[in-house]
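Asks: Supplied in structure tokens, the structure appears directly below.
The values are calculated or read from the model by the stated rules, or taken from the named source; none is laboratory data. This structure is a prediction, so every number in the text was calculated from the model and none was measured. Cβ placement follows ideal geometry from the backbone for every residue including glycine, while neighbour counts extend to all protein chains displayed. The area values use the complete protein model at the heavy-atom level, side chains included, leaving out ligands, DNA and RNA. Shrake-Rupley method; radii C 1.70, N 1.55, O 1.52, S 1.80 Å.
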Amino acid sequence: MTRVVAKFGGTSVGTIERIRHAAGLIADAVARGDTLAVVVSAMAGETDRLLGLAGEFGAGLGDAETDVALAAGEQVAAALMALALRERGLEARSFMGWQAPVFTDGPPGAARIAGMEASAFEAAMAAGVVPVLAGYQGIAEDGCLRTLGRGGTDLSAAALAAALGARCDIYTDVDGVYTADPRIEPGARRLDAISHDEMLELAAQGAKVLQARSVEFAKSRHVPMRVLSSFLAAGQSRGTDIVADRDIAERRVVSGVAYARDQARIAVLGAAPQSGFASQTFALLSDAGIGVDMIVQAHGREPDTVNLEFSVAHRDLNRAQSALERGLPGLRISSETGLAKVSVVGAGLRQRADVARSLFGVLAESGIAVKVLATSEIKISALIDNDAVERAVRALHAAYGLDQIGN
């Protein structure tokens, strides 16, 4: 008997028929002898609809009342899933985040899971009841409801799996993790297995299969994960296992190519090298809640000056520039939009300096200029023009032989 937390995303519960199909997958797993708990997202499009309603009153993400409105989407989906399971002849009960409870800290709209009390789920499962948790939500120390940010239901599922000592199955609209977005690269291959570290980098660099924080949580708590398709019949999805690095049998140099559109580049120009402006720059951005990527510092054109360049999401550009202009008077702040980030990820990069050389060569042969480059142990990212993304993904996918995986 295997304990499993099964998470179903918005497209997997987007209609009544999709909910019924997901309930069938759960019923099949129970019939095989597995013990299940379920976590659901809001029905596809519902979070945006509720956010739009809050916007009619001038509220947005980060407002405590907006959190209350947004959490209703998962509440509805959890109740409907419980009803669908009852229709299948199973005992089921929905749980809201505050009923578990799921404890959070951090601000509205971007809270973090601080802990989870799983005794109610343990009791339900022991009694033959399938518990269905409304994901994406929990309660703060003051008892107020909080949401976990976009993709937060993945995090809810990973946390519940850790609390229950269970495997975490993430059901989505694709049959596992692919070497690239199949909509861009028809030759993309499904991976049988990928390490937590590789999946974390792919998610952070733009792959939308899983939320990065959920992978990080699963890695730190040693939670095994699988990505499966909810659009196939029971037993038909082969999926991808996300496991510890030591459990990867085949050590690939590159496991995938990811991309993220709508990036912007900001440059802070002409600072004195010893002025401490870099730490001040990032403190200003941190205080404004703005994430920064792909940082480069170089000598300025003027003697004894330095320039600092970095990328941010385009949606954060105006806030970032405003924060820097207020906090760094006298320095020139410039920006560039219409950019995208393309990344190659693989555990084998740790020992292969030639991969960076190949990336530059492949992009140059395709007529794609690299504006900023960033690296980590298992990732190389390049900032390029937005209209070159598809060419870059295809070229890199072919150059690293990713279309041959599994052949």
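Asks: Are any of the residues in region 270-285 assigned to a strand (DSSP E or B), within 26 Å of Gly106 (Cβ to Cβ) and in contact (Cβ under 8 Å) with a residue 60 or more places away in the chain?
Replies: The first filter runs over region 270-285 and keeps only residues assigned to a strand (DSSP E or B), leaving 270-271.
Of the ones still in play, those that are also within 26 Å of Gly106 (Cβ to Cβ) are none.
Among the residues of region 270-285, not one is assigned to a strand (DSSP E or B), within 26 Å of Gly106 (Cβ to Cβ) and in contact (Cβ under 8 Å) with a residue 60 or more places away in the chain, which makes the answer no.
Asks: What number of residues within region 46-89 satisfy the criterion of being without any contact (Cβ under 8 Å) to a residue 40 or more places away in the chain, open to solvent by 50 Å² or more (accessible area, probe 1.4 Å) and farther than 22 Å from Ile139 by Cα?
Replies: Within region 46-89, residues that are without any contact (Cβ under 8 Å) to a residue 40 or more places away in the chain, open to solvent by 50 Å² or more (accessible area, probe 1.4 Å) and farther than 22 Å from Ile139 by Cα number 7.
Asks: Shifting gears a bit: Does at least one position in region 192-205 carry a residue that is assigned to a strand (DSSP E or B) and touching a Pro at 6+ places or on another chain (Cβ under 8 Å)? Before you say what the answer is, go through the steps one by one.
Replies: As a first pass, look at region 192-205 and keep what is assigned to a strand (DSSP E or B): 193-195.
Pick out the ones that are also touching a Pro at 6+ places or on another chain (Cβ under 8 Å) and you get none.
No; the residues of region 192-205 include none that is assigned to a strand (DSSP E or B) and touching a Pro at 6+ places or on another chain (Cβ under 8 Å).
Asks: Considering only region 1-26, state which residues are open to solvent by less than 20 Å² (accessible area, probe 1.4 Å), in contact with a Lys or Arg (Cβ under 9 Å, 6 or more places away or on another chain), outside any strand (DSSP E or B) and under 18 Å from Val129 (Cα atoms).
Replies: Listed by number, the residues that qualify are Ala23, Gly24, Ile26.
Asks: State whether one or more residues within region 206-218 are among the β-branched types (Val, Ile, Thr) and within 28 Å of Asn386 (Cβ to Cβ). Before you say what the answer is, go through the steps one by one.
Replies: In the first step, residues of region 206-218 are kept if they are among the β-branched types (Val, Ile, Thr); the result is 209, 215.
Applying the additional criterion that residues be within 28 Å of Asn386 (Cβ to Cβ) yields 209, 215.
So far as region 206-218 goes, yes, one or more of its residues are among the β-branched types (Val, Ile, Thr) and within 28 Å of Asn386 (Cβ to Cβ).
Asks: Identify, from the list Ala320, Ala258, Ala298, the residue that is out of contact with any Asp or Glu (no Cβ under 7 Å at 6 or more places or on another chain) and in contact (Cβ under 8 Å) with a residue 60 or more places away in the chain.
Replies: Numbers: Ala320 fails: in contact (Cβ under 8 Å) with a residue 60 or more places away in the chain; Ala298 fails: in contact (Cβ under 8 Å) with a residue 60 or more places away in the chain.
Only one candidate passes the filter, namely Ala258.
Asks: Hey, another quick one. May I ask you to list the residues in region 382-400 that are free of Cβ contacts under 8 Å to residues at least 60 places away in the same chain and either open to solvent by less than 60 Å² (accessible area, probe 1.4 Å) or small (Gly, Ala, Ser) (or both)? I'd like the intermediate steps shown before the answer.
Replies: Just the residues of region 382-400 that are free of Cβ contacts under 8 Å to residues at least 60 places away in the same chain, to begin with: 382, 384-385, 387-388, 391, 395, 399.
Correct list: Ala382, Ile384, Ala388, Ala395, Ala399.
Asks: Among Ala42, Ala37, which is assigned to a loop (DSSP other than H, G, I, E, B) and in contact with a helix residue (DSSP H, G or I) (Cβ under 6 Å, 6 or more places away or on another chain)? Steps first, please.
Replies: Numbers: Ala37 fails: assigned to a loop (DSSP other than H, G, I, E, B).
Exactly one residue qualifies, and that residue is Ala42.
Asks: On to the next question. Please determine, by comparing only the residues of region 138-180 that are in a loop (DSSP other than H, G, I, E, B) and among the charged types (D, E, K, R), which one is most open to solvent (accessible area, probe 1.4 Å). Show your work before the answer.
Replies: Within region 138-180, the subset in a loop (DSSP other than H, G, I, E, B) is 140-144, 148-151, 165-166, 173-177, 179-180.
Keeping just the survivors that are among the charged types (D, E, K, R) gives 141-142, 150, 173, 175.
On the way: Glu141: 186, Asp142: 103, Arg150: 146, Asp173: 82, Asp175: 25 Å².
If we take residues in region 138-180 being in a loop (DSSP other than H, G, I, E, B) and among the charged types (D, E, K, R), then Glu141 is most open to solvent (accessible area, probe 1.4 Å).
Asks: Touching a residue at least 12 places away in the same chain (Cβ under 8 Å), loosely packed, with under 13 Cβ neighbours inside 10 Å and either hydrophobic (A, V, I, L, M, F, W, C) or within 30 Å of Leu61 (Cβ to Cβ) (or both): is that true of Asp293 in this structure? Break it down stepwise before answering.
Replies: On the way: touching a residue at least 12 places away in the same chain (Cβ under 8 Å): yes; loosely packed, with under 13 Cβ neighbours inside 10 Å: no; either hydrophobic (A, V, I, L, M, F, W, C) or within 30 Å of Leu61 (Cβ to Cβ) (or both): yes.
Spelling it out, it is not the case that Asp293 is touching a residue at least 12 places away in the same chain (Cβ under 8 Å), loosely packed, with under 13 Cβ neighbours inside 10 Å and either hydrophobic (A, V, I, L, M, F, W, C) or within 30 Å of Leu61 (Cβ to Cβ) (or both).
Asks: Return the residue satisfying two criteria in turn: it lies in region 181-191 and is in a loop (DSSP other than H, G, I, E, B) and touching a Gly at 6+ places or on another chain (Cβ under 8 Å), and of such residues it is nearest to Gly9 (Cα to Cα). So that I can check it myself, show each step before the final result.
Replies: Let us first name the residues in region 181-191 that are in a loop (DSSP other than H, G, I, E, B), namely 181-189, 191.
When the remaining residues are screened for being touching a Gly at 6+ places or on another chain (Cβ under 8 Å), the result is 189, 191.
Details: Arg189: 22, Leu191: 20 Å.
Across region 181-191, the extreme among qualifying residues is Leu191.
Asks: For region 313-350, what are the residues that are of a type in the set (Ser, Thr, Tyr), exposed (fewer than 13 other Cβ atoms within 10 Å of the Cβ) and closer than 21 Å to Gln205 by Cβ?
Replies: The one that is of a type in the set (Ser, Thr, Tyr), exposed (fewer than 13 other Cβ atoms within 10 Å of the Cβ) and closer than 21 Å to Gln205 by Cβ: Thr337.
Asks: Continuing with the same structure: Could you please find all residues in region 110-137 being assigned to a loop (DSSP other than H, G, I, E, B) and over 22 Å from Leu85 (Cβ atoms)? Explain how you work it out, then say what you get.
Replies: Within region 110-137, the subset assigned to a loop (DSSP other than H, G, I, E, B) is 110-111, 117-118, 127-128, 135-136.
Correct list: Ala110, Ala111, Glu117.
Asks: Out of the residues in region 207-250 that are among the hydrophobic types (A, V, I, L, M, F, W, C), in a helix (DSSP H, G or I) and at pLDDT 90 or above, state the one that is most open to solvent (accessible area, probe 1.4 Å). Spell out the reasoning first.
Replies: From region 207-250, those among the hydrophobic types (A, V, I, L, M, F, W, C) are 207, 209-210, 212, 215, 217-218, 223, 225, 227-228, 231-234, 242-244, 248-249; that's our starting set.
In the following step, the residues that additionally are in a helix (DSSP H, G or I) were identified as 212, 215, 217-218.
If we keep only those that are at pLDDT 90 or above too, we end up with 215, 217-218.
Details: Val215: 1, Phe217: 29, Ala218: 0 Å².
Of everything passing the filter in region 207-250, Phe217 is most open to solvent (accessible area, probe 1.4 Å).
Residues are listed down the side, and each one gets a yes or a no for (1) part of a helix (DSSP H, G or I); (2) acidic (Asp, Glu); (3) under 23 Å from Lys208 (Cα atoms); (4) within 24 Å of the chain's Cα centre (by Cα):
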residue	(1), (2), (3), (4)
Leu308	no, no, no, no
Asn318	yes, no, no, yes
Ile333	no, no, no, no
Val344	no, no, yes, yes
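Asks: How many of the residues making up region 95-112 are of a type in the set (A, V, I, L, M), out of contact with any Leu (no Cβ under 7 Å at 6 or more places or on another chain) and either modelled with pLDDT under 95 or crowded, with 23+ Cβ neighbours inside 10 Å (or both)? Reasoning before the result, please.
Replies: Of all residues in region 95-112, those of a type in the set (A, V, I, L, M) come to 96, 100, 102, 110-111.
Filter again for out of contact with any Leu (no Cβ under 7 Å at 6 or more places or on another chain), leaving 96, 102, 110.
Remaining after also requiring either modelled with pLDDT under 95 or crowded, with 23+ Cβ neighbours inside 10 Å (or both): 102, 110.
The total comes to 2.
Asks: Next question. Would region 357-365 turn up any residue that is modelled with pLDDT under 90, touching a helix residue (DSSP H, G or I) at 6+ places or on another chain (Cβ under 9 Å) and surrounded by fewer than 14 Cβ atoms within 10 Å (Cβ to Cβ)?
Replies: So far as region 357-365 goes, yes, one or more of its residues are modelled with pLDDT under 90, touching a helix residue (DSSP H, G or I) at 6+ places or on another chain (Cβ under 9 Å) and surrounded by fewer than 14 Cβ atoms within 10 Å (Cβ to Cβ).
Asks: Within the group Ala118, Ala92, Ala123, which residue is among the hydrophobic types (A, V, I, L, M, F, W, C) and surrounded by fewer than 17 Cβ atoms within 10 Å (Cβ to Cβ)?
Replies: Working: Ala118 fails: surrounded by fewer than 17 Cβ atoms within 10 Å (Cβ to Cβ); Ala92 fails: surrounded by fewer than 17 Cβ atoms within 10 Å (Cβ to Cβ).
Criteria check complete, one pass: Ala123.
Asks: Another question, then. Mind counting the residues in region 251-268 that are open to solvent by 30 Å² or more (accessible area, probe 1.4 Å) and either assigned to a strand (DSSP E or B) or within 22 Å of Glu325 (Cβ to Cβ) (or both)?
Replies: Residues in region 251-268 being open to solvent by 30 Å² or more (accessible area, probe 1.4 Å) and either assigned to a strand (DSSP E or B) or within 22 Å of Glu325 (Cβ to Cβ) (or both): 4 in total.
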